[in-house]
Amino acid sequence: MQDPYDFDGLDFEGDGYFVFCDYAVDPERDVTSYSSPWELWVATLARARAGDFSWVPHLLTIYHRVEDYVLKNQCVMLLGDAAPRRTVSYIRDMVIQKLRHDERYDPQFAVDMSYALFADKGLVDASVLLDIYVDGARFEDVQIITSYIEMILGNIYLETGLQNVESDYGLVRQRIDELINKYGNDQIALWEGCLFSPFRLAKKMLGDSTETIPPLIFRNIFEATTGVDCRCFFKSGVFQPLATASVLEDFLESGKGSKYESGARYFFGNCIPD
């Protein structure tokens with residue numbers, strides 16, 4: 001019988017993080033009681049939406065245990081958006097270690113975990129993403145990783161491709177040094193080179209929404225951080241600019257953005273513990 005919790009993965013033209021929104025958390029069950037790794041993912045998401053992040057680190061174990069690449073990707077997404085900072089730091093250290101090409105080297109792991117690092121939005125993560133890009137350019141298309149770097153750093157465009165690795169590397173290192181000089185350290189969360197806040201992200205999305213379809217990653221980050229229901233942004237896969245603008249304007253005018261502290265991480269409006 002097909003697992004009822006097995007689905008095609010998070011769809012940010014559809015339900016996004018409101019998938020399985022009626023799933024009822026059973027407070028009596030523990031993380032080892034689930035025979036279905038898919039249901040464990042759903043239960044972990046439901047708990048995280050309610051502000052309980054204690055199960056999220058277990059998704060790294062699921063990632064290593066299962067062969068289903070869709071489920072692996074869902075684990076990476078939720079780790080990036082809702083894992084405590086110590087878990088993100090652990091992932092970062094694992095990636096750095098594997099980039100040293102020891103006998104357990106797996107370039108796919110580094111590429112997979114790039115979203116978890118990007119979602120942390122740290123300037124320090126941009127340096128690790130750069131190393132993943134440089135290392136992976138000879139293996140496969142790493143366009144998404146360069147996009148992550150550009151979204152964190154801002155005011156930078158990478159040519160990509162093996163022939164441009166050296167020049168891209170120099171450009172990114174220069175931009176990282178500029179931002180370290182500006183902010184004093186690399187332990188800060190940035191979006192397009194500015195301190196990250198959902199308020200600033202909403203303004204950016206609102207400015208773009210009347211002319212172009214905002215990148216799905218914008219909805220992903222905004223919805224994950226705030227818990228604002230963005231399902232109306234698309235209808236049957238078609239972008240709805242007026243509905244999008246209405247939701248963003250309500251957020252900007254409501255004062256809800258003032259609750260978010262700079263540098264802190266949030267999921268569905270709940271502060272994620274370090």
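Derivation of every value follows stated rules applied to the coordinates shown; laboratory data play no part. Source: prediction; values computed, not measured. Ideal geometry is used to build each Cβ from the backbone, glycine not excepted, and the neighbour counts take in all protein chains shown.
What is the count of Lys pairs in the chain whose alpha carbons sit under 23 Å apart, if the two are 8 or more places apart or on different chains?
Going through the chain pair by pair, I get 16.
When only Cα pairs under 8 Å and 6 or more residues apart are kept, what is the percent relative contact order across the stretch 197-271?
Dividing the mean separation by the residue count of the stretch 197-271 yields 43 percent.
How much mean residue ellipticity at 222 nm does the chain get from its helices, if each DSSP H run of length 4 or more adds -39500 (n - 2.57) and you divide by all residues, to the nearest 500 deg cm²/dmol?
-16000 deg cm²/dmol
Which of GLY161, GLY237, GLY207 sits closest to the plus end of the dipole of the chain, meaning its Cα is farthest towards the positive end, when Lys and Arg get +1 and Asp and Glu get -1 on the C-beta?
GLY207
Tell me, what is the percent relative contact order of the stretch 16-82, built from C-alpha pairs under 8 Å that lie six or more residues apart?
Normalised by residue count, the contact order of the stretch 16-82 is 26 percent.
Using the Cα centre of the chain as origin and beta-carbon charges of +1 (Lys, Arg) and -1 (Asp, Glu), tell me which of ASN181, TYR148, HIS64 is placed farthest towards the positive end of the dipole.
Of the listed residues, the answer is ASN181.
Using a Förster radius of 35 Å, what is the FRET efficiency between VAL70 and ASN181 based on their Cβ-Cβ separation? Nearest 0.05, please. Intermediate values should be presented prior to the final figure.
Values: r = 42 Å, r/R0 = 1.20.
Efficiency, from the Cβ-Cβ distance: 0.25.
Report the charge-dipole magnitude of the chain in Debye, nearest 20, computed about the Cα centre from +1 at each Lys and Arg Cβ and -1 at each Asp and Glu Cβ.
The dipole magnitude comes to about 720 debye.
Once a ≥ b ≥ c are taken as the square roots of the eigenvalues of the Cα gyration tensor of the chain, is the result rounded (a/c under 1.5), prolate (a/b larger than b/c) or oblate (a/b not larger than b/c)?
Cα axes put the chain in the oblate bin.
Could you tell me whether the stretch 55-209 comes out rounded, prolate or oblate from its Cα gyration tensor? Rule is a ≥ b ≥ c as square roots of the eigenvalues, rounded for a/c under 1.5, then prolate if a/b exceeds b/c, otherwise oblate.
Cα axes put the stretch 55-209 in the oblate bin.
Restrict the search to the stretch 1-71; then list the trypsin sites (Lys or Arg not before Pro) that DSSP places in a loop and that have at most 13 other Cβ atoms within 10 Å of their Cβ.
ARG29
For the stretch 175-274, rounded, prolate or oblate, judged on the Cα gyration tensor with a ≥ b ≥ c (square roots of eigenvalues), a/c < 1.5 rounded, else prolate if a/b > b/c?
Prolate is the answer for the stretch 175-274, as a/c is 1.5 or above and a/b outweighs b/c.
Amide H neighbours of TRP191 under 5 Å, counting only residues 5+ apart in sequence or on other chains, H built in-plane at 1.01 Å?
Long-range HN contacts for TRP191: PHE196.
Counting GluC sites (Glu not before Pro) as exposed when in a DSSP loop with at most 10 other beta carbons within 10 Å, what is the longest stretch of the chain free of them? Write out the running numbers ahead of the final one.
Values: sites that count: GLU28, GLU67, GLU103, GLU140, GLU211, GLU261.
Here the longest run is 141-210.
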